[in-house]
Amino acid sequence: MTKGMTRREFLRLSSACPLLISLSGVALAGGKGVNLADGKHIFVTKEAMFYEKLPNERIKCVLCPRECVIGDRERGWCGVRENHKGTYYTLVYGNPCAVHVDPIEKKPFYHFLPASTAFSISTAGCNFNCKYCQNWEISQRRPEQTDNVYLPPEDVVRYARQNGCRSIAYTYAEPTIFYEYMYDTARIGRQRGVRSVVVSAGYINQKPLEQLCETVDAIKIDLKAFRDKFYREICSGQLQPVLNAIKTIKQKGVWLEIVDLVVPTLNDTVEEFHDLASWVMDELGPDVPLHFSRFYPMYQLKSLPPTPMSTLEKAREEAMKVGLRYVYLGNISPTHKANNTYCPNCGKLLIQRMGFFVIKNNVVDGKCKYCGWEIPGVWS
């Protein structure tokens, strides 16, 4: 417990930990739709966005930088979009395999509606193959291999409102691959006063990203590393498209936060911390929150140790040296000072957090309560 916090308050906050929502009346996948798969799993018939038709019933997907060229009855790299006689379909529309209510701080968003909750959804599939993925059991699966519910966009918004969630989060696996589902849900949510936040690796092409930015309210990008070698060898991707996406998000005025998972021996040098932070400073400015997160052995990288706290603290120190004002550490002790927000002008504690929970909030009307310094973010 933190100083000044009663046992009753601590227990109340602890009981609000992420939970699986009970979706009464929601059918298992198969309740509606047309079969596009294997006779046992039924998926909603929904034509995909962002593809080009080619001769001989082939298509070219232009949603992400992979730009897969796909023959009839074949799928793209992500495994959730399928060509049927020259028409490309998404197999995960309204078909999530994970539905939870989470604190917004878990995403993490530290400057977006603090202490609120997000109705969080994900489908199977991803357009990366990160060797340390903590959600590999859904991200590296096809929709036939996960337990899904039928939950169309209208119902996502309805359940979000019923559960008192101020936002819907597209998270856990990679939202880019369920773009149509996310896009339609975000549009309906905006009409009904529910905001949308995206937790993404940012591996998406310019046109779909620009269209998405017109519809959602915040995007958190997992910047896996600041070296292309890491992206190619550990994630099966490339760095530059992600950097391009981050700049686009900032230019479009969507609230942006960035997370870098620090993996021992792979992306944990002071030089790389400096290069990453300098790029953020030069391209995005000093006020974009940057989170350095602690690695724990997962999936195919179980041989590596957890990130030492000293390494994370060096990363934060280096980022603050180059001028970034809001630098956080994640997956650490819930009472560590780097979990809190401080005023860059007067130095006072503004938002005190215990893990994912807000204990104090001294940001008033978007400004420091003590000196009036404007604190960038979405506060109301």
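The values are calculated or read from the model by the stated rules, or taken from the named source; none is laboratory data. Since the structure is predicted, the reported quantities are computational estimates derived from the model, not experimental observations. Ideal geometry is used to build each Cβ from the backbone, glycine not excepted, and the neighbour counts take in all protein chains shown. SASA here: full protein model, heavy atoms, side chains in, ligands and nucleic acids out. Shrake-Rupley method; radii C 1.70, N 1.55, O 1.52, S 1.80 Å.
Table for the structure above
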quantity: All positions within the stretch 225-245 that are over 14 Å from ILE204 (Cα atoms), in a loop (DSSP other than H, G, I, E, B) and open to solvent by 60 Å² or more (accessible area, probe 1.4 Å); calculated: ARG227
quantity: In the stretch 306-317, the residues that are more than 19 Å from THR341 (Cβ to Cβ), of a type outside the set (Ser, Thr, Tyr) and assigned to a helix (DSSP H, G or I); calculated: MET309, LYS314
quantity: Residue selected from the stretch 252-305 under the condition of a type in the set (Asp, Glu) and in a helix (DSSP H, G or I), by the criterion farthest from ALA319 (Cα to Cα); calculated: GLU283
quantity: Test set (1) farther than 19 Å from PHE112 by Cα; (2) at pLDDT 95 or above; (3) open to solvent by 60 Å² or more (accessible area, probe 1.4 Å) - THR335 fails condition number; calculated: (2)
quantity: Residue identified as modelled with pLDDT under 95 and open to solvent by 10 Å² or more (accessible area, probe 1.4 Å) among MET281, MET309, MET298; calculated: MET298
quantity: Qualifying residue in the stretch 203-210 (condition: part of a helix (DSSP H, G or I) and of a type in the set (D, E, K, R)); calculated: yes
quantity: Filtered residue count, the stretch 184-199, keeping only those that are closer than 24 Å to GLN240 by Cα and touching a residue at least 40 places away in the same chain (Cβ under 8 Å); calculated: 2
quantity: Test: residue in the stretch 343-360 that is of a type in the set (S, T, N, Q) and under 29 Å from ALA245 (Cβ atoms); calculated: no
quantity: Within the stretch 246-278, tally of residues that are open to solvent by 10 Å² or more (accessible area, probe 1.4 Å), closer than 20 Å to VAL198 by Cβ and among the charged types (D, E, K, R); calculated: 3
quantity: Cross-chain or 6+ apart pairs with Cβ under 8 Å, the stretch 209-228 first and free of Cβ contacts under 8 Å to residues at least 60 places away in the same chain and basic (Lys, Arg), then in a loop (DSSP other than H, G, I, E, B) and buried (at least 18 other Cβ atoms within 10 Å of the Cβ); calculated: ARG227/LEU239; ARG227/ASN267
